[in-house]
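The values are calculated or read from the model by the stated rules, or taken from the named source; none is laboratory data. Worth saying up front: this structure is predicted, and the values here are computed from it rather than measured. FYI the Cβ positions are ideal-geometry reconstructions off the backbone, even for glycines, and counts take in every protein chain you see. Ligands, DNA and RNA are excluded from the accessible area calculation, which covers all protein heavy atoms including side chains. Shrake-Rupley method; radii C 1.70, N 1.55, O 1.52, S 1.80 Å.
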Amino acid sequence: MKKCSLILCEKKMSPKSKKSLSSAEIVFKPMWEILKTSLLKAGINDIFFLFEKEERTEKLRNFILQNKNSDIFIAEGTTPFISKQTIEKSYEAFLKNGRKTTAVVSDFCDSFSALWVKVSDLKKHCAFEKDEEISLNDIAGDFDRINEFISRKNEDFLKSENLYEASQLSEYKRRKILEKLMLSGVEIPCTQGVVISEDAEIESGVKIHPSTIIMGENKIFCGAQIGPFARIRPGCVIGKNAKVGNFVELKNAFVEENAKISHLSYIGDSFVGKEVNIGCGCATVNFDGRNKNKTIIEDGAFIGCGVNLVAPVKIGKDAFVAAGSTVTEEVEANSLSIARARQVNKEDWVLKKKPYKRMK
């Protein structure tokens with residue numbers, strides 16, 4: 001039997017907001033997207049997200065019409081943690097019940113989080129033209145008798161009614177992710193301010209310092225040290241024993257083993273080779289207003305403090321770049337690049353110009 005899903009996302013973040021509450025992020029992902037992932041894993045690919053009242057007319061009717069012979073899983077986008085296993089097992093119970101309406105109910109509280117319904121029954125009982133927001137309770141209230149599938153998973157019933165509760169769900173998820181990482185051998189001595197995406201792949205033996213943020217899909221190898229106050233954006237690979245220190249931001253960067261980016265630097269759209277040392281206050285200038293350009297720093301290179309590497313640019317193997325340089329051209333292997341104006345000191349200039357008000 002074909003399966004589809006209707007996710008109710010009309011509830012807003014606040015009375016004055018146009019944004020759906022289900023769009024509030026739980027560790028970098030909107031609530032509705034977390035639920036969508038579980039649905040896809042459970043084999044439900046045809047999903048309708050009801051965000052706006054206008055969608056109740058043509059779009060929703062077309063969806064119902066296209067799936068008139070299907071079974072439909074209905075939940076709210078603010079219940080993000082319904083698991084793949086619960087979706088699958090509740091559907092099995094729905095089939096055993098002769099495809100009669102079945103609710104996912106809790107065995108520890110008076111609550112339910114989802115419904116399985118035949119689309120043909122949904123058409124008979126539910127009027128989606130109502131002006132007020134449609135809730136799961138509204139739909140359930142249209143059926144005289146509902147069968148039950150009992151779930152013993154607390155997460156299936158965690159729900160947000162406002163932005164504060166969404167933040168509580170995010171904190172819950174953050175701690176679950178950190179717990180899983182630490183039990184796998186990732187060292188996080190102090191979890192304060194540490195937020196890590198569940199899509200990040202982090203090997204045992206990595207050490208993560210306080211207030212580190214790791215977003216999206218990244219790969220971090222054994223022995224690497226990250227933070228404190230580091231921000232790793234999606235698309236990064238950090239090699240064995242590499243160091244990404246305090247107030248460093250990486251984006252779409254490949255950092256080889258034993259490389260060091262110790263503090264106050266931005267490295268984006270870059271390749272950083274083995275044993276490279278990047279000094280304080282360096283930036284890869286990767287965006288020209290239209291395109292993101294790549295910086296290549298080959299093995300053993302040394303980048304001094306306060307350097308701008310204007311991409312696209314390549315720094316050769318074992319090359320040195322002097323502090324304060326703005327590099328726009330390739331630096332050959334084993335070369336020293338100095339790209340800064342010559343220093344000029346003008347004696348008694350302050351006494352003559354008196355640039356400050358306090359100087360009379």
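Computed quantities for the displayed model
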{"read-out": "Ranked by how many other beta carbons lie within 10 Å on average, peptides 229-235, 248-254, 204-210 from highest", "value": "248-254, 229-235, 204-210"}
{"read-out": "Calculated SAXS-style log₁₀ I(q)/I(0) at q = 0.14, 0.18, 0.19, 0.23 Å⁻¹ - the range 1-101, Debye, Cα scatterers", "value": "-0.56, -0.89, -0.97, -1.25"}
{"read-out": "Radius of gyration, Dmax [the chain; alpha carbons; angstrom]", "value": "27.8, 95"}
{"read-out": "Extended-chain gain in nm, criterion 0.36 nm per residue less alpha-carbon gap, D121 and W349", "value": "73.3 nm"}
{"read-out": "Convex hull of the range 193-301 built on C-alpha atoms - directionally averaged projected area, nm²", "value": "6.0"}
{"read-out": "Cα-derived Rg to Rh of the range 238-277, Kirkwood definition", "value": "0.91"}
{"read-out": "Amide H partners (placed H, <5 Å) of H263, local residues excluded", "value": "G245, G281"}
{"read-out": "The range 243-327: translational diffusion in µm²/s, Stokes-Einstein, Kirkwood Rh over Cα pairs, 20 °C, 1.002 mPa s", "value": "176"}
{"read-out": "Per DSSP, loop chymotrypsin sites (Phe, Trp or Tyr not before Pro) in the range 79-127 with at most 11 further Cβ within 10 Å", "value": "F108"}
{"read-out": "Formal net charge of residues neighbouring N45 (Cβ-Cβ distance under 13 Å; K, R +1; D, E -1)", "value": "+3"}
{"read-out": "Radius 11 Å from Cβ of Y266, net charge of other residues (Lys, Arg +1; Asp, Glu -1)", "value": "+1"}
{"read-out": "Computed magnitude of the charge dipole of the chain (debye, nearest 20; Cβ of K, R +1, Cβ of D, E -1)", "value": "1080"}
{"read-out": "FRET efficiency for S211 and C305, using Cβ-Cβ distance with R0 set to 22 Å, rounded to 0.05", "value": "0.45"}
{"read-out": "Solvent exposure of the range 142-209 as accessible area per residue, Å², 1.4 Å probe", "value": "59"}
{"read-out": "The range 132-281: projected area of the alpha-carbon convex hull, averaged over directions, in nm²", "value": "12.0"}
{"read-out": "Rg ratio (alpha-carbon, reference 2.2 N^0.38 Å) - the range 124-198", "value": "1.68"}
{"read-out": "Theoretical gain in end-to-end length, E161 to E203 [0.36 nm per residue, Cα-Cα removed]", "value": "11.5 nm"}
{"read-out": "Ordering of 212-225, 36-49 by packing [mean C-beta count within 10 Å, highest first]", "value": "212-225, 36-49"}
{"read-out": "Within the range 98-119: backbone nitrogen closer than 15 Å to the R145 label point (7 Å, Cα to C-beta)", "value": "98-103"}
{"read-out": "Protein accessible area in the range 217-360, 1.4 Å probe - carbon and sulfur %", "value": "50"}
